Amino acid sequence: MRQLFVAGNWKMRLNGRQSIRLAGRLRERVGDVTDVRLAVCPPFVYLKSVAELLSECSIDVGAQNMHAEEAGAFTGEVAGPMLLDVGCRYVILGHSERRHVFGETDEFINQKVLKALSLGLEPIVCGGETLSQREAVQTESVVSDQLKSGLAGVTAEQMAKVTIAYEPVWAIGTGRTATPQQAEDVHALLRALLTEMYGADVSADTVIQYGGSVKPENAAELMAMPNVDGALVGGASLEAASFEGIIRAAQSARK
Ligand code: 13P
């Protein structure tokens, strides 16, 4: 059965001193939590120091992106083996900011997912509809297409290392959270699709996080929904107290 998973996506927000301070506080407050899976995803340049600081505790480290190639002439990019080298377990792939700000395609994201898995990194594969897509009643087709193309070529066995994150674009950084029912509807749809693709057992074991303005105040009701298995948290992961609040909510929502 799946364990709830709460991950903090620090985006391009904290400097080195702030990153270390936050990681230290999290280690003190939640470094012994084992009934919920935990990760933080700092900017590339702070991964190594944060991973070292958290190495003896239960908080894992992930990167926010990676390139699909293992090495080569890709100025400015970071490869999967480098992430492993600095202590990453996870990598966020297909985040809406990568899709919409940097123009990443489903195909490119899929190449990264396959590469991450082949290297032993555990991808958090993101998707979600924009406001105009939701208003045009395209949510179902958008998230279904993103899931199918993101996981193309991923085997049932590899799915044990994959986390899915549903992040409606209109809820990211806007303070406008999906209602628990809105989240549940999409999560249930994704779960049904995973059942079609991989069978009931793999589907039941796959963690589907919700992301988009998750805070301590709304985390419990979101994670109380049967198919919401944790959170991918942006803004509220930048303060130890609020990230801890979300983790405590996950502990009490444990299914
Ligand atoms: P916020 O929690 O700031 O809305 O960001 C969500 C997100 O994009 C996490 O990946």
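What follows is calculated from the coordinates using simple rules that are stated; it is not laboratory data. Keep in mind the model is a prediction, meaning the values are calculated, not measured. So basically every Cβ, Gly included, is an ideal-geometry build from the backbone, and we count neighbours across all protein chains shown.
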Using 0.36 nm times the number of residues separating Ala152 and Gln3, minus their current alpha carbon distance, what extension gain do you get? 51.2 nm
Specify the residue with the greatest mean-square fluctuation among Asn15, Asn110, Asn65, computed from a Gaussian network of the chain linking alpha-carbon atoms under 10 Å apart. Asn15
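Any number yet on Rg/Rh for the stretch 144-216, C-alpha, Kirkwood? Working shown, then result.
On the way: Rg = 12.9 Å, Rh = 12.9 Å.
Taking Rh as the inverse mean 1/r over Cα pairs, Rg/Rh reads 1.00.
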In order through the stretch 21-32: 3J(HN,Hα) via Karplus (6.51 cos²θ - 1.76 cosθ + 1.60), integer Hz, x for Gly, Pro: 5, 5, 4, x, 5, 5, 4, 5, 7, 10, x, 10
Could you tell me the ratio Rg/Rh of the chain? Both radii from Cα atoms, Rh via Kirkwood. 0.93
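Placing +1 at every Lys and Arg Cβ and -1 at every Asp and Glu Cβ, with all other atoms neutral, what dipole size does the stretch 211-255 have around its Cα centre, in debye to the nearest 20? Don't jump to the answer; show the numbers that get you there.
Working: 4 positive and 5 negative charges, 29 e Å.
Its charge dipole is roughly 140 debye.
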Ser141 versus Phe74, label points 7 Å from Cα toward the beta carbon: distance in nm? 3.1
Convert each backbone phi in the stretch 226-242 into a coupling constant with the Karplus relation 6.51 cos²θ - 1.76 cosθ + 1.60 (shift: θ = phi - 60°), then list the ³J(HN,Hα) values in order as whole Hz, x for Gly and Pro. x, 9, 9, 9, x, 9, 10, 10, x, x, 6, 8, 8, 10, 4, 5, 6
Sorting check: for 205-212, 162-169, 178-185, which peptide has the highest mean count of neighbouring beta carbons within 10 Å, and how do the rest follow? 162-169, 205-212, 178-185
Counting only residues 5 or more apart in sequence or on a different chain, those whose built amide H sits under 5 Å from that of Val207 are Ile164
GNM result for the chain, Cα springs below 10 Å: residue of Arg98, Arg17, Arg89 fluctuating most strongly: Arg17
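Quote the convex hull volume per residue of the stretch 1-85, based on C-alpha atoms, as a whole number of Å³.
106
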Under the rule of at least 5 residues apart or a separate chain, name every residue whose amide H is placed under 5 Å from the amide H of Val91. Ala63, Glu122, Ile124
Arg29-Thr195 pseudo-label distance in nm [points 7 Å out on the Cα-to-Cβ vector]: 3.8
Ordered by residue, what ³J(HN,Hα) values in Hz, to whole numbers, does the stretch 154-166 give under the Karplus form 6.51 cos²θ - 1.76 cosθ + 1.60, where θ = phi - 60° and Gly and Pro are x? 7, 7, 4, 5, 5, 4, 4, 9, 10, 10, 9, 10, 9
Under 5 Å between amide hydrogens, which residues at least 5 positions from Trp10 or on another chain qualify, with H placed 1.01 Å from N in the peptide plane? Cys41
Post the alpha-carbon centroid distance, the stretch 158-234 to the stretch 21-51, in whole angstrom. 22
Counting other Cβ atoms within 10 Å of each Cβ, which chymotrypsin sites (Phe, Trp or Tyr not before Pro) in the stretch 1-95 have at most 13 and sit in a DSSP loop? Phe74
Connecting every pair of Cα atoms under 10 Å apart in the chain and solving the GNM, the largest mean-square fluctuation among Glu70, Glu122, Glu135 falls on Glu135
